[in-house]
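What follows is calculated from the coordinates using simple rules that are stated; it is not laboratory data. These numbers come from a predicted model, not from an experiment. Here the Cβ positions follow ideal geometry from the backbone for every residue, glycine too, while neighbour counts run over all protein chains shown.
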Amino acid sequence: MMRVRHWQTGLVALLAAMLFLATAERLKTAPRQSVNVEMQVALPLFVQVFMAAGDRNLAANIAAIRSLVVDNFKMKPEEFVILAKVQEDVSWLNPGHEDNYYIAAAILPWQGELDAAQRILARATLARRFDYQPAFYYAFNLLHFKGDAVGASDWMREAAEHLPEGDERLQMQNLAAIWLDKAQDVGLAIRVVEAMAQQSKRKDFRNYLEQRVTRLRTLQGLRAAAARYQQRFDKPPVSLQQLVDAGIIKSLPKDPFGFGFWIDGKGRLMLRNSPPPPPAKK
């Protein structure tokens, strides 16, 4: 009787093994659907806090882990919307969460969720007075994604305020001044750099900023001259020498930095921020 039972058990095990192998072979050729289960839904804030036993910092950490472990290389656009919501929730629960703002800055703006990233970075800037990076990333996003040189310069100066007095703060303030070269409104850029010069505690940096003001004022005058040239000849100038030849300016302007000015392909007067290329050999 015992032998019969052993034989029956062995037969069942053999049949189960054969069924498993047949199923495994079938699954190898079956189509698979990639589902990113981590980013299917964003829970309401009160639910997250309730599930964390009322501890909002714990709730923030749990939500932050969701954003850290997700495989964003396989995510769909609608899943990035949920990721942005999850990370915004973290920043509301704990505005100073370092991992959260860092991941948000690295991923969200590049996936169409710039506004969410900026809100997260703005909250982190207020919460982390010892940390310059949230304001720095906010400034970069303004310049890179929106072309807002003046706004980017403002936030770069805010980032500088999060650094102690010294060379690093000075370098960041310098970058804020340099970005103003890209401002559409040159008059506004001039006023901002003038204010920076007046507030500077270091004489050498103040003199440097005053030179930047001189460059911007010269650019402003050249753009006005180019506008007069276009009004007179019904076409933009293609070189600064044309402004001299037409009698609109007396001579080519000097740049205190020695880089000079140039006219781009669309006839716009621009500042050079590096030495001009050498003339082509004949």
What residues qualify as long-range amide H neighbours of Phe261, i.e. H under 5 Å apart, gap of 5 or more or another chain, H built at 1.01 Å from N?
Arg272
Using a Förster distance of 45 Å, the FRET efficiency for Phe233-Asp204 (Cβ separation, nearest 0.05)
0.55
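Show me the ranking of peptides 232-242, 179-189, 50-60 by mean Cβ neighbours inside 10 Å, starting with the highest.
Per-residue mean Cβ counts within 10 Å order the peptides as 179-189, 50-60, 232-242.
Can you flag which of Lys146/Lys235; Lys146/Lys203; Lys203/Lys250; Lys182/Lys250; Lys182/Lys266 are past 24 Å Cα-Cα?
Values: Lys146/Lys235 29 Å; Lys146/Lys203 34 Å; Lys203/Lys250 33 Å; Lys182/Lys250 26 Å; Lys182/Lys266 15 Å.
Long pairs (Cα-Cα over 24 Å): Lys146/Lys235; Lys146/Lys203; Lys203/Lys250; Lys182/Lys250.
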The Rg/Rh figure for region 38-128, Cα atoms and Kirkwood Rh, to two decimals is 0.94
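Starting from 0.36 nm per residue, how many nanometres of slack lie between His144 and Lys266 once their C-alpha separation is accounted for?
The His144-Lys266 span can extend by a further 41.8 nm.
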Bin by bin, in steps of 10 Å, what percent of the Cα pairs in region 204-246 do you find, going until the bin that has the longest distance?
27, 38, 21, 12, 1
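Phe259 to Ala195: FRET efficiency via 1/(1 + (r/R0)^6), r the Cβ-Cβ distance, R0 35 Å, to the nearest 0.05? Write down the numbers at each step before the final one.
Numbers: r = 24 Å, r/R0 = 0.68.
Given R0 = 35 Å and the Cβ-Cβ separation, E is 0.90.
Per 0.36 nm of contour for each residue apart, how much would the distance between Leu58 and Asp71 grow if the chain were fully extended, relative to their Cα-Cα spacing? The partial results should precede the final answer.
Working: separation 13, 0.36 × 13 = 4.68 nm, distance 2.26 nm.
So the extension gain works out to 2.4 nm.
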